[in-house]
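Have a look at the structure that comes next, please.
The values are calculated or read from the model by the stated rules, or taken from the named source; none is laboratory data. These figures come from a predicted structure and were not determined experimentally. Heads up, the Cβs are rebuilt from the backbone with ideal geometry, glycines too, and the neighbour counts pull from every protein chain shown.
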Amino acid sequence: MHISVDRDSFTPDLAGFTEKRVLTYRSELESYIVRDPQFRTTLEPHLIQLPAHPLVLAMVRAGNIAGVGPMAAVAGTFAEFVGRDLLVLVKQIIVENGGDIFMRTLSATNISVFAGASPFSGRLALEMPPREEGCGVCTSSGTVGPSLSMGRADAAVIISASTPLADAVATAAGNQVQTADDLATALEFAKSVPDVDGVLLIKDDKMAAWGSVKLLPVQKS
């Protein structure tokens, strides 16, 4: 987990505070999984066993809306929960957790898109306007990284006010892409999910985009 905050708000205590919050949330998640082992392994929408921590509830809700298992939202959920805890102490924050981002900034921010072997990889950036309430920008890939994907998308990027939802929908959309011919179908799916604000899908030398997606070229040095 890589975290950036505004310089004026930084204190040495932030690292320790962040570590405690991460460990607390991990402990809550692990405790729930002991009671409900299927939560960790299912790839389908899941029926929650109450009582459950809000982090667990957020993961299940996001997965159920997207049609995937709750663990598809784990990285984005941790990013948002930790990020919102830190917003009590800082004005601006970017939390990046394995390609899943929660952010709240006061000015436009550019996010470079890594898409494996695609010719678009590292050559495009998303320009994200400031959003007072914060937002999530999450990426799934079937060709990059260790995360499980049933598809072969080089990058499936989802923008949403809910980072857990963005994470889950990125997984679900990426699962639908085996070849570039699947981009249109995956795009229509992602567009249909409530609270999804923007979609960018990349496979090889083709892309599909919708919504609040402003792309900028990245000049390679």
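Starting from residues that are within 22 Å of the chain's Cα centre (by Cα) and among the basic types (Lys, Arg), keep the ones in the stretch 21-41 and report whichever is nearest to residue 147 (Cα to Cα).
40
Consider residue 43 carefully, then state whether it is closer than 18 Å to residue 138 by Cβ and assigned to a loop (DSSP other than H, G, I, E, B).
In short, yes.
Further question: Sort out which residues of the stretch 182-221 are in contact with a Ser or Thr (Cβ under 9 Å, 6 or more places away or on another chain) and modelled with pLDDT under 95, and write them in order of number.
218
Under the condition of being touching a helix residue (DSSP H, G or I) at 6+ places or on another chain (Cβ under 8 Å) and assigned to a helix (DSSP H, G or I), which residue from the stretch 84-102 is farthest from residue 36 (Cα to Cα)?
Taking the candidates together, the pick is 86.
Okay, moving on. Test residue 147 against the stated conditions and say whether it is in contact with an Asp or Glu (Cβ under 9 Å, 6 or more places away or on another chain), touching a residue at least 40 places away in the same chain (Cβ under 8 Å), among the small types (Gly, Ala, Ser) and not in a strand (DSSP E or B).
Details: in contact with an Asp or Glu (Cβ under 9 Å, 6 or more places away or on another chain): no; touching a residue at least 40 places away in the same chain (Cβ under 8 Å): yes; among the small types (Gly, Ala, Ser): yes; not in a strand (DSSP E or B): yes.
No; evaluated as a whole, the condition is false for this residue.
Return the only residue of 167, 154 being of a type in the set (Asp, Glu) and under 17 Å from residue 45 (Cβ atoms). Before the answer, list the steps.
Working: 154 fails: under 17 Å from residue 45 (Cβ atoms).
It is 167.
Provide a single number: the residues in the stretch 68-89 that are modelled with pLDDT under 95 and surrounded by 19 or more Cβ atoms within 10 Å (Cβ to Cβ).
The number of residues fulfilling the criteria is 0.
Quick one: which residue in 181, 167, 100 is of a type in the set (D, E, K, R) and exposed (fewer than 15 other Cβ atoms within 10 Å of the Cβ)?
On the way: 167 fails: exposed (fewer than 15 other Cβ atoms within 10 Å of the Cβ); 100 fails: exposed (fewer than 15 other Cβ atoms within 10 Å of the Cβ).
Within the list 181, 167, 100, the selection yields 181.
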